[in-house]
Amino acid sequence: MKLNRSSRSKALASVVLVALIAIFLFTSCRQDNANSSAVSGGALPADAAAIADARGLTPDDIAAALKTYMPTGQHDEYIMFASGGHSGQVYAIGLPSMRILKQIAVFTPEPWQGYGYGAQSTMELLEAGSYNDHPITWGDTHHPALSETAGDYDGQFLFINDKANARVAVIDLRDFETKQIVKNPIALNDHGGTFVTPSTDWIIEGGQYAAPLGAGYASLDNYADEYRGMVTIWKFDRETGRILPDQSFAIELPPYWQDLCDAGKKVSEGWIFCNSFNTEMATGGVEEGNPPFESGASQRDMDYLHIINLEKAAEVAAAGKTTEVNGFPVISLDTAIAEGLLFFAPEPKSPHGVDITPGGEYMVISGKLDPHVTIYSFDKIQQAIADANYTPDDYGVPVLDFDSVVEAQVELGLGPLHTQFDDKGYAYTSLFLDSAVSRWTLGGPYSDLHEEEDWALVTKTPVHYNVGHIAAAEGDTVSPDGRYLVSLNKWAVDRFSPVGPLLPQNFQLVDIGSSGTTMPVLYDMPIPDGEPHYAQIIKADKLSPWEVYPEVGWDPHTQALDPNAAVAGQERVERNGNQVEIWMTAVRSHFTPEHVEIQKGDHVIWHITNVERAYDATHGFSIPVYNINLSIEPGEAVTFEFDATQDGVFSFYCTEFCSALHLEMTGYLLIKPSE
Ligand code: CUK
Ligand code: CUA
């Protein structure tokens, strides 16, 4: 819908534009003396006001443009890692410009990065995510988690879960590439992951839809006895950059649907918290006259916040007080109760999301069907546990008394989902049904950071539309930055030019730099991919990715030299029976060798090293029919294998436009028919 703007507001826009430009010029000149002539010399077009007029831009539009515009060559201040939902991938996006910088292939093969198209290490990586050798070629990425040191993002690793198949991936931020996929050994789907502990010792993968642990069959008639929830605690080793499955464990939980988790920090470090729903244990079956899940799982006023003493759980697991499910150690529900490491607290109403304040003092829970957020005090939880102020649920788990653990409830609006924090004592909660982001005040130690009364709604900003998660700059750390917040909206509706019935999602950048009621939307960014769930935003200068691989012949999978890498000057083709091994180098603008002649029926092992040391001098490598496409970055060594089942003349070529003679960067693979 086009707005009809009055000429008065246009005139106002022009006046404010001139003022804004004046302020912009003034501050730019002061900040950038070396380059002052470019700015102070009247480099801005004199007709800028006329442009604003012609386009009908309001003063707010102009301010938003100035805040997000990134002149060529300048870099963004923050990088947001956003899940790519059912694309199975992750996006790296610059803020405040909202420019997409990279798609990181994680659970889904991706040809540009040569991910899952021949390169042996990526084939093995994707294979590791199989279920009983049954390949899975996509994922539903939900919650990215940056590695932390002392509760702050450290820029080293990124983790993300696959809700659809209960898997967790590890991405190394030295090269922004996936290094490991682990399949959850006891569950077929997950949701409450990934979340890291403040030193990244553990990666949390909570479950969702209850099922028999270990993924066997059980009738829905036996739901209460044979179906179970779970949370899996993966051990992470920073040194090798890998999850260590043999030092990981899980905790059996009642068959409620565990939802989101978060790790305690500072005062609550050593504990984890997961919300849940469907404590009704509804099993659906609308076609049989049962209530559908949507109502069956929403009967009760309260579900259970799961409160888990992770430190104690790790001790119990290390002491071997576990049972094996598919060879994986699981702390049984009975053991968890007996060891006093699992507690519940009632949480209203169809809860979603648990988010812990920067100092770890409070757990914020949203209720999808409750206009409030409920804030639990970690101190009060500890007190209630010490006082044994609880009664058991049907499975014997102690349920803490609601009133004794709640610090406050704040009425925000309809459909609260997820909460983030800033540096000014504010919390931000997404309101799905209201299509708004709310700002509200924290109390306790945060009271002095803001002027308003504690535990109170301050303002709401409309977003477009149906916001799920929100992400604030460094928003999950012990020291959030404030500044920017991104609203990850599920529906775009009328925000972009129509492109048929399937629309992009809409990421909206919100300026949270000011206090009080000012919280404008600055930018709309379409995400033409799977539904993004969550994102984390890190200060860009905390990342120090490599420009080229450290040495020529580098294996990105092991992050070490590949002992079998092709070396310049030693390129060759060797035959051993019907096995042919090729060592090839790539450099602008040729492969060596350019002819490879083999027999149909040969087994081929092919190594290619990109011997370039120049920034951005990536070469591709593709072979028709054989479904092979590689991306070989400067210094990288790649190996791929195939059986030569098809004879003929196959032109291989470089798929990256790397030089003026890129089209000449080709060669012939000649496969003779078998005699
Ligand atoms: S869930 Cu998607 S909006 Cu998977 Cu984190 Cu709440
Ligand atoms: Cu190498 Cu094109």
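The values are calculated or read from the model by the stated rules, or taken from the named source; none is laboratory data. Everything quoted here is computed from the prediction, not taken from an experiment. With ideal geometry, Cβ positions are generated from the backbone for all residues, glycine too; neighbour counts draw on all protein chains shown. The protein model used for the area step is the full one, side chains on, heavy atoms only, and it has no ligands, DNA or RNA in it. Shrake-Rupley method; radii C 1.70, N 1.55, O 1.52, S 1.80 Å.
For residues that are assigned to a strand (DSSP E or B) and in contact with a Leu (Cβ under 9 Å, 6 or more places away or on another chain), scanning just segment 306-324, find the one that is most open to solvent (accessible area, probe 1.4 Å).
N309
Name every residue in segment 617-629 that is farther than 13 Å from E656 by Cβ and open to solvent by 20 Å² or more (accessible area, probe 1.4 Å), in order of residue number.
Result: P624, V625, Y626, N627.
Going through segment 568-589 one residue at a time, which ones are touching a Cys at 6+ places or on another chain (Cβ under 6 Å) and away from ligand 2 (no atom under 16 Å from the Cβ)?
Of everything in segment 568-589, nothing turns out to be touching a Cys at 6+ places or on another chain (Cβ under 6 Å) and away from ligand 2 (no atom under 16 Å from the Cβ).
Give me the residue from segment 526-542 that is out of contact with any Lys or Arg (no Cβ under 9 Å at 6 or more places or on another chain) and open to solvent by 20 Å² or more (accessible area, probe 1.4 Å) and, out of that set, farthest from ligand 2 (Cβ to nearest atom).
Checking each candidate, the answer is K539.
Filter segment 349-374 down to the residues that are open to solvent by 10 Å² or more (accessible area, probe 1.4 Å) and either within 16 Å of V405 (Cα to Cα) or assigned to a strand (DSSP E or B) (or both), then identify the one that is farthest from ligand 1 (Cβ to nearest atom).
E361
Within segment 244-262, which residues are under 28 Å from Y304 (Cβ atoms), of a type in the set (A, V, I, L, M, F, W, C) and either within 16 Å of ligand 1 (Cβ to nearest atom) or surrounded by fewer than 24 Cβ atoms within 10 Å (Cβ to Cβ) (or both)?
Listed by number, the residues that qualify are F249, W257, L260, C261.
Could you tell me which numbered condition S497 fails, if it satisfies all but one of (1) among the polar types (S, T, N, Q); (2) without any contact (Cβ under 8 Å) to a residue 12 or more places away in the chain; (3) within 14 Å of ligand 1 (Cβ to nearest atom)?
Of (1) among the polar types (S, T, N, Q); (2) without any contact (Cβ under 8 Å) to a residue 12 or more places away in the chain; (3) within 14 Å of ligand 1 (Cβ to nearest atom), only one is false for S497: (3).
Only one of these is at pLDDT below 95 and closer than 27 Å to P545 by Cβ: D60, D32, D53. Name it.
Result of the check over D60, D32, D53: D32.
Look through segment 191-224, keep the residues that are within 16 Å of ligand 1 (Cβ to nearest atom) and farther than 13 Å from A145 by Cβ, and return whichever of them is surrounded by the most Cβ atoms within 10 Å (Cβ to Cβ).
Result: G207.
For segment 281-298, which residues satisfy the criterion of being open to solvent by less than 40 Å² (accessible area, probe 1.4 Å) and within 26 Å of F344 (Cβ to Cβ)?
A282, G284, G296, A297, S298
Find the residue count for segment 654-668, including only residues that are without any contact (Cβ under 8 Å) to a residue 40 or more places away in the chain and under 13 Å from A586 (Cα atoms).
Qualifying residue count for the region: 2.
Of the residues A565, A560, A614, which single one is under 18 Å from D175 (Cβ atoms), away from ligand 2 (no atom under 16 Å from the Cβ), of a type in the set (A, V, I, L, M) and open to solvent by 20 Å² or more (accessible area, probe 1.4 Å)?
On the way: A565 fails: open to solvent by 20 Å² or more (accessible area, probe 1.4 Å); A614 fails: away from ligand 2 (no atom under 16 Å from the Cβ).
When all the criteria are applied, what remains is A560.
Quick check on Y626: is it more than 18 Å from P593 (Cα to Cα) and touching a residue at least 12 places away in the same chain (Cβ under 8 Å)? Can you show your working first?
Details: more than 18 Å from P593 (Cα to Cα): yes; touching a residue at least 12 places away in the same chain (Cβ under 8 Å): yes.
For Y626, the condition - more than 18 Å from P593 (Cα to Cα) and touching a residue at least 12 places away in the same chain (Cβ under 8 Å) - is met.
From the list P255, P212, pick out the single residue that is in contact (Cβ under 8 Å) with a residue 24 or more places away in the chain and within 20 Å of P329 (Cα to Cα). If you could, list the steps in order and put the result at the bottom.
Values: P212 fails: in contact (Cβ under 8 Å) with a residue 24 or more places away in the chain.
Being in contact (Cβ under 8 Å) with a residue 24 or more places away in the chain and within 20 Å of P329 (Cα to Cα) holds for just one of P255, P212, which is P255.
Select, from Y395, Y446, Y428, the only residue that is away from ligand 2 (no atom under 16 Å from the Cβ) and assigned to a helix (DSSP H, G or I).
Y446
Every residue, every condition in (1) within 16 Å of ligand 1 (Cβ to nearest atom); (2) under 18 Å from the mean Cα position of the chain (by Cα); (3) of a type outside the set (K, R); (4) open to solvent by 30 Å² or more (accessible area, probe 1.4 Å), yes or no:
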position	(1), (2), (3), (4)
L457	no, no, yes, yes
K460	no, no, no, yes
H469	yes, yes, yes, no
A472	yes, yes, yes, no
S479	no, no, yes, yes
L488	yes, yes, yes, no
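Do we find a residue being in a helix (DSSP H, G or I) and under 26 Å from the mean Cα position of the chain (by Cα) anywhere in segment 325-336? Give the derivation first.
So in segment 325-336, the residues in a helix (DSSP H, G or I) come out as 333-336.
The next check asks that each one be under 26 Å from the mean Cα position of the chain (by Cα); those that pass are none.
No, segment 325-336 contains no residue that is in a helix (DSSP H, G or I) and under 26 Å from the mean Cα position of the chain (by Cα).
Exactly one condition in (1) open to solvent by less than 20 Å² (accessible area, probe 1.4 Å); (2) within 16 Å of ligand 1 (Cβ to nearest atom) is not met by F421; state its number.
Unmet condition: (2).
Is it true that some residue in segment 655-672 is under 16 Å from W583 (Cβ atoms), over 39 Å from the mean Cα position of the chain (by Cα), away from ligand 1 (no atom under 16 Å from the Cβ) and not small (G, A, S)?
yes
Restricting attention to segment 156-190, and to residues there that are over 20 Å from A560 (Cβ atoms), polar (S, T, N, Q) and touching a Ser or Thr at 6+ places or on another chain (Cβ under 8 Å), which single residue is surrounded by the fewest Cβ atoms within 10 Å (Cβ to Cβ)?
Across segment 156-190, the extreme among qualifying residues is N184.
Spot the failing condition for E452; the list is (1) away from ligand 1 (no atom under 16 Å from the Cβ); (2) closer than 29 Å to A263 by Cα; (3) within 20 Å of the chain's Cα centre (by Cα), and only one is missed.
Among (1) away from ligand 1 (no atom under 16 Å from the Cβ); (2) closer than 29 Å to A263 by Cα; (3) within 20 Å of the chain's Cα centre (by Cα), E452 violates only (3).
I'd like the full set of residues that are assigned to a loop (DSSP other than H, G, I, E, B), buried (at least 19 other Cβ atoms within 10 Å of the Cβ) and β-branched (V, I, T), limited to segment 102-155.
Residues satisfying the conditions are V106, T108, I136.
I'd like the full set of residues that are touching a residue at least 60 places away in the same chain (Cβ under 8 Å) and touching a Phe, Trp or Tyr at 6+ places or on another chain (Cβ under 7 Å), limited to segment 331-351.
Matches in segment 331-351: I331, L333, A345, E347, S350, P351.
Taking segment 630-675 as the region of interest, how many residues are open to solvent by less than 30 Å² (accessible area, probe 1.4 Å), away from ligand 2 (no atom under 12 Å from the Cβ) and either over 22 Å from V552 (Cα atoms) or assigned to a strand (DSSP E or B) (or both)?
11
Got a sec? Which of A560, A586 is among the small types (G, A, S) and under 33 Å from the mean Cα position of the chain (by Cα)?
A560
Output the qualifying pairs, or none if there are none: Cβ atoms under 9 angstrom, residues six or more apart or on different chains, first residue in segment 429-448 and in contact (Cβ under 8 Å) with a residue 40 or more places away in the chain, second residue open to solvent by less than 10 Å² (accessible area, probe 1.4 Å) and within 16 Å of ligand 2 (Cβ to nearest atom).
none
Please verify whether A408 is surrounded by 17 or more Cβ atoms within 10 Å (Cβ to Cβ) and within 16 Å of ligand 1 (Cβ to nearest atom), treating the condition exactly as stated.
In short, no.
Is it true that some residue in segment 591-603 is of a type in the set (V, I, T), free of Cβ contacts under 8 Å to residues at least 60 places away in the same chain, touching a Ser or Thr at 6+ places or on another chain (Cβ under 6 Å) and near ligand 2 (Cβ under 9 Å from one of its atoms)?
First, the residues of segment 591-603 that are of a type in the set (V, I, T): 592, 596, 598.
From what's left, free of Cβ contacts under 8 Å to residues at least 60 places away in the same chain: 592.
Now drop any that are not touching a Ser or Thr at 6+ places or on another chain (Cβ under 6 Å), which leaves 592.
From what is left, the residues that are near ligand 2 (Cβ under 9 Å from one of its atoms) are none.
For segment 591-603, residues of a type in the set (V, I, T), free of Cβ contacts under 8 Å to residues at least 60 places away in the same chain, touching a Ser or Thr at 6+ places or on another chain (Cβ under 6 Å) and near ligand 2 (Cβ under 9 Å from one of its atoms): absent.
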